[in-house]
Amino acid sequence: MSRKEYFDSYAHKWDQICHTDTEDKLKKLIRSLRLKKGSQVLDLGCGTGVLFPHILKSIGDKGRLFGSDFSPKMLMEAKRKNQNKNIILICAPAEKLPFIPESFDYVIAFASFPHFENKAKALKEISRVLKKGGKLFIAHLLGRKELKEHHRLSGSLVCRDFLPSENILNKMLYSKGFKKIVIMDNPSLYIAYGEK
Ligand SMILES: C[S@@+](CC[C@H](N)C(=O)[O-])C[C@H]1O[C@@H](n2cnc3c(N)ncnc32)[C@H](O)[C@@H]1O
């Protein structure tokens, strides 16, 4: 089974498995990012779109939200749940994004970055599609160690998916042109930030 097939197979039950009690945490997380009204945002590896209502609230009517994912079934769920003219869904791998350079003010990779097979390539693409001064947030509702354990215990295809160490991610981000890098890692929240 490929990774795409793996995520496709979870799409219809994703929210029941992963998001029965996350609503308040997601709301708080997105608020803490202080997205500006009218921004262009890419939710990278958006899955079923659990962040969409929160992002839309932050960016307002003049903002535009793109949700991208390589799993068509995740995107179908996202479409079923979220009908809003300011949301555009795109089926594409993070390693080859179908956007022109400097398209976005923000890229948010929530609970998705560890699963990208080629992280360096994905970061290069993220950097390419961010505007100058644009911001990347890699975020999780678990710390790096806790997430690694969570994936390991799943015993599934993603059991070896993990976040790079702080040192390695720092170097990766720096080499792709990110500055003002901050990595915050505690047991119930992980945010890696970089600005292009
Ligand atoms: C753990 S799920 C998280 C989904 C959503 N962000 C959430 O928190 O509910 C990871 C998502 O990343 C997507 N994904 C994994 N690898 C990808 C890749 N290389 N390119 C694009 N999407 C990918 C999967 O299809 C899946 O929807």
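Data overview
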item: Filtered residue count, the range 167-196, keeping only those that are surrounded by 13 or more Cβ atoms within 10 Å (Cβ to Cβ), over 21 Å from S32 (Cα atoms) and in contact with a helix residue (DSSP H, G or I) (Cβ under 9 Å, 6 or more places away or on another chain); result: 5
item: Answer from G45, G38, G67 - the residue that is of a type outside the set (S, T, Y), more than 8 Å from the ligand (Cβ to nearest atom) and out of contact with any Cys (no Cβ under 9 Å at 6 or more places or on another chain); result: G38
item: Residues satisfying the stated conditions in the range 1-27, i.e. among the basic types (K, R), surrounded by 12 or more Cβ atoms within 10 Å (Cβ to Cβ) and free of Cβ contacts under 8 Å to residues at least 60 places away in the same chain; result: K27
item: Test result for A94, within 21 Å of S9 (Cβ to Cβ), in contact with a strand residue (DSSP E or B) (Cβ under 6 Å, 6 or more places away or on another chain) and in a loop (DSSP other than H, G, I, E, B); result: yes
item: Condition met for I55 (of a type outside the set (G, A, S), more than 9 Å from the ligand (Cβ to nearest atom), within 19 Å of F113 (Cβ to Cβ) and outside any helix (DSSP H, G or I)); result: no
item: Selected residue [within 13 Å of the ligand (Cβ to nearest atom) and free of Cβ contacts under 8 Å to residues at least 12 places away in the same chain] from P98, P93, P72; result: P98
item: Residue in the range 46-53 that is in contact (Cβ under 8 Å) with a residue 24 or more places away in the chain and loosely packed, with under 15 Cβ neighbours inside 10 Å present; result: no
item: Those residues of the range 97-114 which are more than 20 Å from S58 (Cα to Cα) and assigned to a loop (DSSP other than H, G, I, E, B), in sequence order; result: L97, P98, F99, I100, P101, E102, S112
item: Hits in the range 21-35 (condition: of a type outside the set (D, E, K, R), away from the ligand (no atom under 12 Å from the Cβ) and not in a helix (DSSP H, G or I)); result: L35
item: Some residue of the range 160-173 being free of Cβ contacts under 8 Å to residues at least 24 places away in the same chain and closer than 17 Å to P93 by Cα; result: no
item: Residue in the range 101-119 that is nearest to the ligand (Cβ to nearest atom), counting only those that are out of contact with any Ser or Thr (no Cβ under 8 Å at 6 or more places or on another chain) and more than 16 Å from G45 (Cβ to Cβ); result: S103
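Here, each number is a calculation from the coordinates, and none is a lab measurement. These figures come from a predicted structure and were not determined experimentally. Because the Cβ atoms are built from the backbone with ideal geometry, glycine has one as well, and the counts that use them run over all protein chains shown.
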